[in-house]
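Enquirer: Next up is a structure, given as structure tokens.
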């Protein structure tokens with residue numbers, strides 16, 4: 001939710017063009033950072049976190 005809010009503010013107040021792909025990518029990174037920050041040892045690397053079994 002934080003990423004969506006920040007990107008919305010960028011768009012409204014700074015006239016930044018924001019794509020859905022950029023928002024999704026940033027959500028993946030922030031959620032991974034939050035997840036590993038809560039763990040004693042990171043369960044996976046960022047590329048593993050972003051990997052989609054559908055692709």
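The values are calculated or read from the model by the stated rules, or taken from the named source; none is laboratory data. Model, not experiment: these values are computed from the prediction. Note: ideal-geometry Cβ built from the backbone for every residue, glycine included; neighbour counts use all protein chains shown.
Enquirer: Quick check: anything in region 7-18 surrounded by fewer than 11 Cβ atoms within 10 Å (Cβ to Cβ), under 16 Å from the mean Cα position of the chain (by Cα) and at pLDDT 85 or above?
Expert: If we filter region 7-18 for residues that are surrounded by fewer than 11 Cβ atoms within 10 Å (Cβ to Cβ), which is where we start, we get 12-15, 17.
The next check asks that each one be under 16 Å from the mean Cα position of the chain (by Cα); those that pass are none.
Within region 7-18 (the criterion being surrounded by fewer than 11 Cβ atoms within 10 Å (Cβ to Cβ), under 16 Å from the mean Cα position of the chain (by Cα) and at pLDDT 85 or above), the answer is no, since none of the residues qualifies.
Enquirer: Quick check on region 36-43. Is at least one of its residues in contact with a helix residue (DSSP H, G or I) (Cβ under 9 Å, 6 or more places away or on another chain), without any contact (Cβ under 8 Å) to a residue 40 or more places away in the chain and in a helix (DSSP H, G or I)?
Expert: The first filter runs over region 36-43 and keeps only residues in contact with a helix residue (DSSP H, G or I) (Cβ under 9 Å, 6 or more places away or on another chain), leaving 36, 42-43.
Cutting the leftovers down to without any contact (Cβ under 8 Å) to a residue 40 or more places away in the chain gives us 36, 42-43.
The next check asks that each one be in a helix (DSSP H, G or I); those that pass are 36.
So far as region 36-43 goes, yes, one or more of its residues are in contact with a helix residue (DSSP H, G or I) (Cβ under 9 Å, 6 or more places away or on another chain), without any contact (Cβ under 8 Å) to a residue 40 or more places away in the chain and in a helix (DSSP H, G or I).
Enquirer: Only residues that are assigned to a helix (DSSP H, G or I) and more than 14 Å from residue 1 (Cα to Cα): list them for region 12-21, please.
Expert: Applying the first criterion (assigned to a helix (DSSP H, G or I)) to region 12-21 yields 12-14, 20-21.
The answer is 12, 13, 14, 21.
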